Amino acid sequence: MATTGFWPVKGSLKDVVKYAENPDKTTNPKYLDDDLAVALKYVSNDDKTDKQLFVGAINCPPVRAYEQMMATKRRFGKTGGNVAYHGYQSFRSGEVTHKEAFEIGLETARRMWGKDYEIVVTTHLNTDNLHNHFVINSVSFKTGLKFENHISDHRRLREISDEICKEYGKSVLENADFYNGDRNAYWVHKHGGKTRRDILREDVDDAINNSASYVEFVALMKHKGYVFSRSEATDHPSVKAPTWEKAIRFDRLGNEYKKDRILERIRETGNRAHFNQFSEPYKKTRAKYRQTPLQELEYQLRRVKYMDTLEALFYLFMELLKPSTPKPNYTPPLSPELRQELRKLEQYQKQFRLLHDENINTVPELEAFIGKLSMQIDDLDAERMRIDNKRRRAKTDEDKDMYLSEIRGISAQIKPIRDKLKIAKSTLETVPKVQRLLDVEREMERKIEKRNKEKSR
């Protein structure tokens, strides 16, 4: 049985090829094709001196894979964007030998991408289960077209892998899709993020661990910003966050979240919860649901007259998200939607820095800034085209090289402006979302504050 997947690489092609070919993770008793497979430098030690690298390639020699892939990109003028795709094929522990894993990997890559793309294939032995890595050039050496990376391609990889595993007499997962039935979650998890269901599971677990009864569990879930779409007493309770269009049933999260099991888990922790309520750690845990960090931040900003600017808006948003690791006195955002945005913190930081560095305070100022950058790029593009026309008409190689150097200089000027324009446009698109999520969080804090006042009477 083998599981598969792949994802785009936007960084260094050289780095991903080096990772796949890492000699500390690969051994190979025999290469499939001696003409293409050239041994990479191996770090010898007492345990490995009698072994060769377990590395192969399709449509390029492994030792020159990086150079050949880059030559293909330069030939077709497509060196930007996704530089490669990095895939894997992982086998059940003990089901395949080293040789079988490598042969299956090579054949899988050949059937999947071998007609059009250069590929490096390696078998890694650094975990209990053998697994292959694929590094696929994003540009076809035949057509110059880029690999488009559709959902159907991921499904096709899984089908090819299963087909070859059957040919080798290995087991496969019957009726299992590559994304386990949830394609959206597949992409989110690939980028290290969390889905709504992931956040909800964490919140349910936390509420269970801090509840001594089902009534208390329901109260804590409401404190976290969830609304029970049907009576919480029903056999199949479901909840919604303020901005969700549809509710999610607890029992759709897994067996541990069926109502009967939730009640059992509460009973398992109930005695401990009652005992701990007299201790300081428990009191602190309970107190966190009564804090209002957004209101406190807004109060501080008003004192320094920093409110009502885009910079302040993004500052508030980031401060609520910032603690990606636990900190003393840190209270996570109340709304599940806001906590889900933690995976995009780096993006929000870039947007905040742009607003701060360019002294942009309002939406009209941001729109004007976008227009200014667009004009700069248009002017430079026109200048580059004018010089390129001169290069085409040049009669000597010396003149052509001179014009080419000027063109490259202008391209170097355009790149940072284009990068800044991209951030500015994304910031403009994000403003309504940030405002909406802060409004949700603010309203939830008001409700909690009101509830606490009523309790204190």
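So which residues in the range 245-254 are part of a loop (DSSP other than H, G, I, E, B), touching a residue at least 12 places away in the same chain (Cβ under 8 Å) and touching a strand residue (DSSP E or B) at 6+ places or on another chain (Cβ under 9 Å)? Correct list: Ala247 only. Here Phe352, Phe369, Phe317 are screened, and the one residue that is of a type in the set (Phe, Trp, Tyr), at pLDDT 90 or above and within 20 Å of Gln435 (Cβ to Cβ) is Phe369.
So is Tyr179 surrounded by 15 or more Cβ atoms within 10 Å (Cβ to Cβ) and at pLDDT below 80 or not? Please lay out each step first, then the result.
On the way: surrounded by 15 or more Cβ atoms within 10 Å (Cβ to Cβ): yes; at pLDDT below 80: yes.
So Tyr179 fits the description; yes.
The single residue among Val204, Val139 that is under 30 Å from Leu342 (Cβ atoms) and modelled with pLDDT of 80 or more turns out to be Val204. Scanning the range 122-164 for residues that are within 20 Å of Ser93 (Cα to Cα) and not in a loop (DSSP other than H, G, I, E, B) yields Thr122, Thr123, His124, His131, Asn132, His133, Phe134, Arg158, Ser161, Asp162, Glu163, Ile164.
What are the residues in the range 77-100 that are over 29 Å from the mean Cα position of the chain (by Cα) and more than 20 Å from Glu163 (Cβ to Cβ), if any? Break it down stepwise before answering.
Step one: list which residues in the range 77-100 are over 29 Å from the mean Cα position of the chain (by Cα), which gives 94-100.
Within the range 77-100, Gly94, His98 meet the criteria.
Taken as a whole, the range 439-456 holds at least one residue that is acidic (Asp, Glu), in contact with a helix residue (DSSP H, G or I) (Cβ under 7 Å, 6 or more places away or on another chain) and within 30 Å of Gly225 (Cβ to Cβ). Looking at Arg111, Arg74, just one residue is out of contact with any strand residue (DSSP E or B) (no Cβ under 9 Å at 6 or more places or on another chain), more than 27 Å from Ile151 (Cα to Cα) and assigned to a helix (DSSP H, G or I), and that residue is Arg74. For the range 355-405, the set of residues classified as of a type in the set (Asp, Glu) and closer than 25 Å to Lys422 by Cβ consists of Asp357, Glu358, Glu365, Glu367, Asp378, Asp379, Asp381, Glu383, Asp388, listed by residue number.
Reported count of residues in the range 251-277, each being of a type in the set (A, V, I, L, M) and at pLDDT below 80, is 1.
Pairing each residue of the range 222-236 that is outside any loop (DSSP other than H, G, I, E, B) with any residue that is aliphatic (A, V, I, L, M) and modelled with pLDDT under 80, provided the two are 6+ apart or on different chains, yields C-beta distances under 8 Å for His223/Leu334; His223/Ile448.
The values are calculated or read from the model by the stated rules, or taken from the named source; none is laboratory data. A quick note: this is a predicted structure, and the numbers were derived from the prediction, not measured. Cβ: placed from backbone, ideal geometry, glycine included. Neighbour counts: every protein chain shown.
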